[in-house]
Each structure stands twice: as structure tokens, then as C-alpha cells.
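Okay, so here's the structure we're looking at.
Where a number appears in this text, it was derived from the coordinates with a stated rule and is not lab data. Bear in mind the structure is a predicted one, so any value in this text is a computation, not a measurement.
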Amino acid sequence: MAHIQYLLLTISVFLLLGCAPEMDDVIQEWRDKGWDKVSTLGVVDKFNRHSLLMSEKAQAIEASWIVNGRRKTKLYDQETYHFLVLRFFCKNNDEFAVVMRKRK
């Protein structure tokens, strides 16, 4: 339930401010909550919004990103760790993702 409240708060703040936070600030928020950065997928570029994908119950989390209009994916098994994917949406319709993990 706390994750839903955090997500709603993040969306509300984003809508009120009207601009995207810096990528490093978003990552640091999750580091402060005990998550470690695993990898960056795709090409990092200026973005206008981001989203979050995570589940404590799913057996795996699928990260996706788009480079030059081509979608790519990578699956992360949640046997030992919980994973979260921060997806960043760029103006050119490409996307990149930052994968983070936290021990169960």
C-alpha cells in the first residue's frame, strides 16, 4: 500500500511542477530507501517523464527500453532480490531504463 501512495505522490508532484526531475535525483531517492543500481539499459538522453515498474509478488520483472524505434527487453528473476525498473521516456520516442534491486 505504501508503494501505491508513493507512486501517487510522485505523479502528483510531477504534475504540479510540470517538469521532469533529474535522473540522478530519481535514482538517489531509491538508493536512500535501500535499493542498489544494477544497470542502465538503452541510450541515456534528455527525458520528459519517467515511470516505475515493481512488484513484490511477481516471479520476475521485465525491463524494456527503445532505441531508434526498436523495443528491447530483459527479464530479471526475483528469486533472491526484488527488482524495480525506472523507465525514462525521451522526446524522440526512445526510452531508457535504470534497473535497481534490493535483497528480499
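Couple of notes before you dig in:
- Estimated vicinal HN-Hα couplings, Hz - the stretch 81-98 in sequence order (Karplus 6.51, -1.76, 1.60; Gly, Pro = x): 10, 8, 10, 9, 10, 9, 9, 10, 9, 8, 5, 8, 6, 7, 9, 10, 9, 10
- Once the chain from residue 64 to residue 33 is taken as fully extended at 0.36 nm per residue, the excess over their C-alpha distance is 8.8 nm.
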